[in-house]
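Okay, so here's the structure we're looking at.
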Amino acid sequence: MASIFTRIIRGEIPCHKLAEDDHYIAFLDVSPVHEGHALVVPKHEVDHLFDLEGAELDGILAFAKEVARKIKAVVPCTRIGISVIGLEVPHAHIHLIPIDALGDMDFTRTRLKFTNEEFAALAERIRTA
């Protein structure tokens, strides 16, 4: 059975896309811990990030770097935190989260809620940064 991320990549489930190429996609997390929280996902479905082959692992980090640069240009923050947890969806992915303090990376905190219009506007600002 395809992961929710594979279904997003196929266009079966909508997302607020930030960037995409032949190998990777980045979109806003629908349950963010901070405004601008994004997910970077390889299009090749593999459960664990470190199961990606060398070039694919290098590529996802380079892709994430560009997405992080754009997020930081739009969302006020000290830096973009990066996290790989891998428990919530069995498809490798990287969380990019605008942060000002260590506690901003706390995944147990209450998640933020945004309207579809707010997500769409933020995604557009990040895409065009």
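The values are calculated or read from the model by the stated rules, or taken from the named source; none is laboratory data. Just so it is clear, the model here is predicted, and its values are computed rather than measured. Using ideal geometry, Cβ is built from the backbone for each residue, glycine included, and neighbour counts are taken over all protein chains shown. Ligands, DNA and RNA are stripped out before the accessible areas are found, and what is left, the full protein with its side chains, is counted by its heavy atoms. Shrake-Rupley method; radii C 1.70, N 1.55, O 1.52, S 1.80 Å.
From Cα pairs below 8 angstrom and at least 6 apart in sequence, can you work out the relative contact order of the chain, rounded to a whole percent? So the answer I get is 30 percent. Axis of helix 54-74 versus longest Cα principal axis of the chain: the two differ by about 20°, to the nearest ten degrees. In the full protein context, the stretch 12-129 carries 54 Å² of accessible surface per residue, based on a 1.4 Å probe and ignoring ligands, DNA and RNA. The Kirkwood radius of the chain, taken over pairs of alpha-carbon atoms, gives through the Stokes-Einstein law at 4 °C and 1.567 mPa s a diffusion coefficient of 88 µm² s⁻¹. Among the GluC sites (Glu not before Pro) in the stretch 1-91, those located in a DSSP loop and surrounded by at most 10 other Cβ atoms within 10 Å of their own Cβ are 12, 53. Treating r as the C-beta distance of residue 12 and residue 55 and R0 as 30 Å, the FRET efficiency rounds to 0.60. Helix 116-127 and the longest principal axis of the C-alpha atoms of the chain enclose an angle of approximately 80°. Going down the list 17/43; 65/113; 17/70; 43/65, which pairs span over 19 Å between their C-alpha atoms? Exceeds cut-off: 65/113. Taking a point 7 Å from the Cα of residue 89 along the Cα-to-Cβ direction, the residues of the stretch 21-36 with backbone N closer than 16 Å to it are 21, 23-34, 36.
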